[in-house]
């Protein structure tokens with residue numbers, strides 16, 4: 001049975017790994033807030049256990065066993081986040097840390113009951129896909145970072161990939177939530193993006209780095225006859 005630390009490493013590698021490419025120990029160290037030598041030691045151990053394919057100077061990638069365990073941990077995490085928000089009154093900015101702790105300790109029976117209680121959901125409170133019970137991760141290929149859209153485009157928020165509680169609190173305060181209808185007002189050359197919230201008419205600006213974690217789909221303008229202007233927040 002894998003330890004919580006091993007599961008954390010596998011989940012982190014899964015989040016960084018792009019396809020079949022290897023992940024550098026330095027990237028894992030940065031993501032986990034540990035020193036590279038510590039990562040190297042753990043990668044060697046997980047390689048011996050058949051969870052990663054690690055080569056010195058080349059980095060590591062998950063084996064099939066390692067990927068399955070990473071997805072199982074991720075499924076626990078995202079189901080727990082949704083359970084905490086929908087049934088225990090947590091805000092979406094509070095659940096990441098709690099789920100990080102609890103994900104290692106729930107049984108498969110409890111996981112199944114949580115999933116059933118929630119109605120077998122497909123996304124967590126931030127819009128991230130929840131791996132299926134068969135450990136399949138289904139991404140929405142139609143969504144893009146909001147900065148990829150032209151000024152004047154109406155978009156619908158489908159996922160927020162920032163786990164910072166401060167950022168999530170601010171986004172909720174200005175009206176960014178799953179399903180929110182936004183307009184891309186201005187993409188400034190110096191890195192700020194101004195957005196408008198359709199429901200309130202308010203505007204706010206975000207650094208490009210923060211906006212890059214807001215994923216959206218283009219709104220189908222033919223589905224509504226609404227029109228109106230946004231007013232700037234003071």
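We did not get these values from a lab; they are worked out from the coordinates using the rules stated. Keep in mind that this is a model prediction, so the values were computed, not measured. Positions of Cβ are generated from backbone atoms using ideal geometry, with glycine treated the same way; all protein chains shown enter the neighbour counts.
Okay, here's what the table says:
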| item | result |
| --- | --- |
| Nearest 10 degrees, 0 to 90: helix 36-48 Cα axis against the chain principal axis | 60 degrees |
| For the range 148-188, alpha-carbon Rg over 2.2 N^0.38 Å | 1.22 |
| Exposure proxy ranking, count of Cβ atoms within 10 Å, fewest first, for 181, 171, 71, 195 | 181, 71, 171, 195 |
| The range 144-223 shape via C-alpha gyration tensor axes, a/c threshold 1.5 | rounded |
| Cβ-derived FRET efficiency at R0 35 Å, residue 140 paired with residue 48, nearest 0.05 | 0.40 |
| GNM result for the chain, Cα springs below 10 Å: residue of 152, 19, 66 fluctuating most strongly | 19 |
| Zero-based 10 Å bins, Cα pair distances in the chain, whole percents | 7, 28, 30, 23, 10, 2, 0 |
| Cβ-based exposure ranking for 11, 44, in which fewest neighbours within 10 Å come first | 44, 11 |
| Using alpha-carbon coordinates, inclination of helix 108-117 to the longest axis of the chain, degrees | 20 degrees |
| Over the chain: helical MRE at 222 nm, DSSP H runs n ≥ 4 each giving -39500 (n - 2.57), nearest 500 | -11500 deg cm²/dmol |
| Inter-label distance for residue 163 and residue 58, nm, one decimal - labels placed 7 Å from Cα along Cα-to-Cβ | 2.9 nm |
| For the range 4-62: rounded, prolate or oblate by the Cα gyration tensor [a/c cutoff 1.5] | rounded |
| Gaussian network model of the chain, springs between alpha carbon atoms under 10 Å - residue of 131, 25, 207 with greatest fluctuation | 207 |
| Helix 4-16 axis, angle to the chain major axis (alpha carbon atoms, nearest 10°) | 50 degrees |
| Neighbour-count ranking [beta-carbon atoms within 10 angstrom, fewest first] of 156, 216 | 156, 216 |
